[in-house]
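The values are calculated or read from the model by the stated rules, or taken from the named source; none is laboratory data. In this text the structure is predicted, and so the values were computed from the model without any measurement. So basically every Cβ, Gly included, is an ideal-geometry build from the backbone, and we count neighbours across all protein chains shown.
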Amino acid sequence: MTYKIGILDQSPIFPNRTAQDALKSTVELAQKAESWGYHRFWVAEHHQSEDVAGASPEILMSHLLAQTNKIKIGAGGVMLQHYSPYKVAENFHVMEALAPERVELGIGKAPGGLNASTAALRYGGTGNDTSFEERFTLLQQFLSGNIPEDHALSEAVVHPKIARTLPTFLLGASVNSARFAARLGANFVFASFLNGDETLLEETMKAYRALHPHGKFIIAVAAFVGTDQQAAEEEADKYNIYKVTFESGRALSVVSLDQVEALWRQTNEPFEVHEQKVQKIAGTQKHVKEEFGRLARTFDVDEFIVHTPVLDEAKRLQSFELLSVLNKQYV
């Protein structure tokens, strides 16, 4: 078997660089990824962040589609709890009409930001009490054109009309999320860089395939490739995240202590903070190839999406170039 590799780019803002620089680098990376033979290139959604510039994946995607020729461009993902499923479907239909067969829609459940930006995104909106599950179900129905006749929105049809049903991917790291995606006929991306528990990964994969054996099950990994094993591991270890757990049990992850301080200002609910190592595959091409091969064989997957959270821009770009050699490798 062979496996394909895609890239997840959050448009990181590196030291002494601006958000404009970060977005320009995302465009350049997408073009390089296409020339290096990557299968897909996804961009993320984060709000009010000093660390990443990708706040609007749909707008960034439309520009990337215009600046590339064949690589699949997707959102990894749209934070659906903030938006109308109908409008999300319209946005992606427009992009698909402009670049047929190249658009992919990943959906996330997290807010993508802290309390202030979340409140701002929802301000003045309607239907804020609609659950994520209901929103995602409705999105799938809009995209497939199969709204139940007794639904209040059964007369709403998404335009422009396109030649295929857009592929959707639910982003998650739990058995329940995988089952939910499978029941709706969506593909699933397991975020192993947020939860590297391989027992959970196996349980999630089996639960998904039991309900949707023909759907795509993709593993999203954090990976960094260098020319020296020890140096690559040391570079990758410079980046970690902070797990915030609220008194109510709600949890979220942030990427810097500055975001933790902002959270203190934006909430009255007590919370605890713990530094959490990002689960990474780091090392030489040989080492990373062995790890990808092991994951592909163990979990019978043929696709990975790679997130490379390192603090050195040049080394990050070099890593993607070195990693591209592993694309479509036999295992």
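Take the conditions at pLDDT 95 or above and either surrounded by 21 or more Cβ atoms within 10 Å (Cβ to Cβ) or in contact with a helix residue (DSSP H, G or I) (Cβ under 7 Å, 6 or more places away or on another chain) (or both) and apply them to F217. Does it pass? Break it down stepwise before answering.
Numbers: at pLDDT 95 or above: yes; either surrounded by 21 or more Cβ atoms within 10 Å (Cβ to Cβ) or in contact with a helix residue (DSSP H, G or I) (Cβ under 7 Å, 6 or more places away or on another chain) (or both): yes.
For F217, the condition - at pLDDT 95 or above and either surrounded by 21 or more Cβ atoms within 10 Å (Cβ to Cβ) or in contact with a helix residue (DSSP H, G or I) (Cβ under 7 Å, 6 or more places away or on another chain) (or both) - is met.
Restricting the range 47-70 to residues that are surrounded by 22 or more Cβ atoms within 10 Å (Cβ to Cβ) and in a loop (DSSP other than H, G, I, E, B), which is nearest to the chain's Cα centre (by Cα)?
G54
Which of the residues belonging to the range 275-290 are part of a helix (DSSP H, G or I), exposed (fewer than 15 other Cβ atoms within 10 Å of the Cβ) and within 22 Å of the chain's Cα centre (by Cα)?
Selection gives nothing.
Condition (residue is within 17 Å of the chain's Cα centre (by Cα) and under 20 Å from R316 (Cβ atoms)) applied to the range 194-213: is it met by at least one residue?
Looking only at the range 194-213, we keep the residues that are within 17 Å of the chain's Cα centre (by Cα), and these are 194-196, 201.
Next cut, under 20 Å from R316 (Cβ atoms) only: 194.
For the range 194-213, residues within 17 Å of the chain's Cα centre (by Cα) and under 20 Å from R316 (Cβ atoms): present.
For the subset of the range 36-52 comprising residues that are at pLDDT 95 or above and touching a Leu at 6+ places or on another chain (Cβ under 8 Å), which member is farthest from T118 (Cα to Cα)?
If we take residues in the range 36-52 being at pLDDT 95 or above and touching a Leu at 6+ places or on another chain (Cβ under 8 Å), then F41 is farthest from T118 (Cα to Cα).
How many residues are over 13 Å from Y38 (Cβ atoms) and in contact with a strand residue (DSSP E or B) (Cβ under 8 Å, 6 or more places away or on another chain) when one looks only at the range 288-312?
Looking only at that region, the number is 13.
Table: residues versus (1) surrounded by 14 or more Cβ atoms within 10 Å (Cβ to Cβ); (2) among the hydroxyl-bearing types (S, T, Y); (3) outside the structural domain of A116 (by TED's automatic domain parsing).
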| residue | (1), (2), (3) |
| --- | --- |
| E235 | yes, no, no |
| E247 | no, no, yes |
| L257 | no, no, yes |
| L263 | yes, no, yes |
| N268 | no, no, yes |
| V273 | yes, no, yes |
| A296 | yes, no, no |
| D300 | no, no, no |
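Which pairs have Cβ atoms under 7 Å, sit 6 or more apart or on different chains, and link a residue in the range 29-57 that is of a type in the set (F, W, Y) to one that is assigned to a loop (DSSP other than H, G, I, E, B)?
Y38/I71; Y38/N327; F41/I71
Mind listing whichever residues of the range 1-46 are in a loop (DSSP other than H, G, I, E, B) and in contact with a strand residue (DSSP E or B) (Cβ under 8 Å, 6 or more places away or on another chain)?
Keep residues of the range 1-46 that are in a loop (DSSP other than H, G, I, E, B), which gives 1, 10-11, 13-18, 37-39, 44-46.
Once the filter is applied, which keeps residues that are in a loop (DSSP other than H, G, I, E, B) and in contact with a strand residue (DSSP E or B) (Cβ under 8 Å, 6 or more places away or on another chain), the range 1-46 yields M1, Q10, S11, I13, Y38, H39, A44, E45, H46.
Could you count how many residues in the range 2-28 are touching a residue at least 60 places away in the same chain (Cβ under 8 Å), surrounded by 15 or more Cβ atoms within 10 Å (Cβ to Cβ) and over 19 Å from L65 (Cα atoms)?
Here the count works out to 4.
Based on what the data block shows, is L326 in contact (Cβ under 8 Å) with a residue 40 or more places away in the chain and in contact with a helix residue (DSSP H, G or I) (Cβ under 6 Å, 6 or more places away or on another chain)?
For L326, the condition - in contact (Cβ under 8 Å) with a residue 40 or more places away in the chain and in contact with a helix residue (DSSP H, G or I) (Cβ under 6 Å, 6 or more places away or on another chain) - is met.
Among the residues of the range 291-316, which ones are under 20 Å from W42 (Cα atoms) and not in a helix (DSSP H, G or I)?
V301, D302, E303, F304, I305, V306, H307, T308, P309, V310, L311
Only one residue in A152, A163, A119 is part of a helix (DSSP H, G or I) and in the same structural domain as L200 (by TED's automatic domain parsing). Which one?
Being part of a helix (DSSP H, G or I) and in the same structural domain as L200 (by TED's automatic domain parsing) holds for just one of A152, A163, A119, which is A119.
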